[in-house]
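For reference, the structure is listed below as structure tokens.
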Amino acid sequence: MTDTMQLLTVPSEAFEIRPIGVIRTGFEEVRDCPMSGRRNPTTSRIELGPEYHDALQNIELASHLWVLYWLHKSDRTARVRQAREGQIARGVFASRAPNRPNPIGLSAVQLLDHSDGVLTISGLDCIDGTPVVDLKPVVPQEDARLDATIGW
């Protein structure tokens with residue numbers, strides 16, 4: 001096998017991700033969710049497990065957070081996102097569709113408040129009960145990509 005072929009071999013072993021909390025939005029079904037949390041900002045909560053409360057120390061120093069979550073009701077067999085009217089079909093890796101092989105959601109949200117392991121946030125567009133995988137502060141000078149473009 002050549003070096004190039006070795007690079008193209010994808011490891012098949014699974015790994016474990018443990019949820020750190022749960023999202024509370026009030027949206028019971030995917031169809032109830034806004035198309036974009038940023039364009040339709042609603043207030044929701046992230047409830048962390050007690051073992052992670054100390055990991056929130058100084059979280060209020062960040063105005064916005066990246067929330068990584070597991071889209072547990074997604075279709076993991078999807079490879080192509082069906083086109084909406086006036087759009088072209090694209091592979092799931094060229095879309096922001098929730099149905100994908102590893103349904104990891106990523107949203108930048110505004111942190112409004114936090115107390116006793118509960119974060120009150122704005123700008124999340126997922127269903128109630130969605131498991132939270134991780135939280136990270138948005139760092140504007142690192143996360144903004146002014147040179148980014150998209151051809152949609």
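Values in this text are rule-based calculations from the coordinates and carry no lab data. Note that the structure is predicted; figures quoted are calculated from it, not measured. In this analysis, Cβ positions are derived from the backbone assuming ideal geometry, glycine residues included, and neighbour counts consider all displayed protein chains.
Which order results if T149, T77, T120 are arranged by neighbouring Cβ count within 10 Å, fewest first?
Placing the least packed residue first, the sequence is T149, T77, T120.
What are the ³J(HN,Hα) couplings of the range 89-101, residue after residue, when phi is run through the Karplus curve with 6.51, -1.76, 1.60 and θ = phi - 60°? Round to Hz, x for glycine and proline.
My calculation for the range 89-101 gives 5, 9, x, 4, 6, 9, 9, 10, 5, x, 7, 7, x Hz in order.
Please give the contour-minus-distance gain from I104 to F15: 0.36 nm per residue of separation, less the Cα-Cα distance, rounded to one decimal in nm. Please list the in-between numbers first.
Numbers: separation 89, 0.36 × 89 = 32.04 nm, distance 1.40 nm.
That pair, I104 and F15, stretches by 30.6 nm at full extension.
With a 10 Å Cβ neighbour count serving as the proxy for reagent exposure, in which order, fewest first, do D147, D75 appear?
Values: D147 5, D75 13.
Ascending Cβ contact count within 10 Å gives the list D147, D75.
Per 10 Å bin from zero, what fraction in whole % of the C-alpha pairs of the chain is there, up to the bin with the longest pair?
10, 33, 33, 19, 5, 0
Which order do V138, V10 fall in if you start with the one that has the fewest other Cβ atoms within 10 Å?
On the way: V138 16, V10 4.
The fewest-first ordering by Cβ neighbours comes to V10, V138.
So how do 14-23, 91-100 stack up, highest first, on mean other-Cβ count within 10 Å?
Put in order of decreasing packing, that is 91-100, 14-23.
Which whole number of Å³ per residue matches the convex hull of the alpha-carbon atoms in the range 89-140?
Each residue corresponds to 125 Å³ of Cα convex hull volume.
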